Amino acid sequence: MLVEKELARFSSRQDTVLTIGVFDGVHLGHKLLISELLKQARERKLLATVVTFRQHPEDLLSGGKKLPFITDIKTRTRLLHEEGVDNVVPLSFTTQLAHLDAPVFIGLLQKYLKMRGLVIGTDFALGRDRQGDIATLQRLGREMDFSVTVVPPLTVNGEVVSSTAIRKALADGDMKKFRELTG
């Protein structure tokens, strides 16, 4: 299984707290999530780890419609390290990964990355059919012994900061809004 091979390459010797997402552009909303990740890592003496994807999940899930990236994987990795993250784990988002059940994927994260905590946004879900929603992850956390912290979205001028909003600002040529959302 490719995901297991990729995780094995980044196998951790130390327990981690992690977050998962595309992190395209590493914008202000991402930075808020990462600041909570770093805070927990420091408090708990764990490694701060980001699991990201080489391809945008929507490319696969939307039937091949390519979503333009704001930043490529190399730039994202550099920006995440500049924020203070200890490890960045890029995974290939494949059909196989998309079809993993949430408990199976969580088990792989625990096995290879020694995940002891998960920091996520309010709209986060993982696993086949997004079955790993917040309630499910909190239940799995109790069963599998990891913490789950949910970070509320960041808003700027009444708008939720997101990669989608940033792509729209770029497409509209609204550089003021782009700067406001990316910091």
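Against the empirical curve 2.2 N^0.38 Å, the C-alpha radius of gyration of the chain lands at a ratio of 1.00. Subtracting the Cα-Cα distance of Ser147 and Ala135 from 0.36 nm times their residue separation leaves 3.1 nm of extension gain. In this Cβ point-charge picture (+1 for Lys and Arg, -1 for Asp and Glu), segment 11-125 has a dipole of about 340 debye about its Cα centre.
Could you grab the relative contact order for segment 123-183? Cα pairs under 8 Å, six or more apart, rounded to a whole percent.
Working: 32 pairs, mean separation 10.4, N = 61.
For segment 123-183, the relative contact order is 17 percent.
Once the Cβ-Cβ distance of Thr95 and Lys45 is raised to the sixth power relative to R0 = 41 Å, the FRET efficiency obtained is 0.65.
With contacts defined as alpha carbon pairs under 8 Å and 6 or more residues apart, what's the relative contact order of segment 71-183 in percent? Write out the running numbers ahead of the final one.
Numbers: 88 pairs, mean separation 20.6, N = 113.
Computed value for segment 71-183: 18 percent relative contact order.
Rounded to the nearest 10 degrees, the angle from helix 102-113 to the longest Cα principal axis of the chain is 80 degrees.
Surface listing: His99, His30 arranged by accessible area from highest to lowest gives His99, His30, probe 1.4 Å. Once the Cα atoms are used to define both axes, helix 134-144 deviates from the longest principal axis of the chain by about 30 degrees.
Quick note on segment 99-156: its Rg to Rh ratio, both from C-alpha atoms and Rh being the Kirkwood radius, is 0.99. Between Ser35 and Asp172, the simple spin-label model (points 7 angstrom out along Cα→Cβ) gives 2.5 nm. Compute the separation of the alpha-carbon centres of segment 112-126 and segment 144-173 and state it in Å as a whole number. Each part reduced to its Cα centre gives a spacing of 16 Å. With a simple spin-label model that places each label point 7 Å from the Cα along the Cα-to-Cβ direction, the separation between Ala8 and Arg54 comes to 1.6 nm.
Each residue of segment 71-76 was assigned a 3J(HN,Hα) from its phi angle through the Karplus curve 6.51 cos²θ - 1.76 cosθ + 1.60 (θ = phi - 60°); the sequence is 9, 7, 4, 5, 5, 4 Hz, with glycine and proline shown as x.
The values are calculated or read from the model by the stated rules, or taken from the named source; none is laboratory data. Just so we're clear, the structure is a prediction, and the values are computed from it rather than from any experiment. Every residue, glycine as well, gets a Cβ built from its backbone with ideal geometry; the counts of neighbours run over all protein chains shown. Ligands, DNA and RNA are stripped out before the accessible areas are found, and what is left, the full protein with its side chains, is counted by its heavy atoms. Shrake-Rupley method; radii C 1.70, N 1.55, O 1.52, S 1.80 Å.
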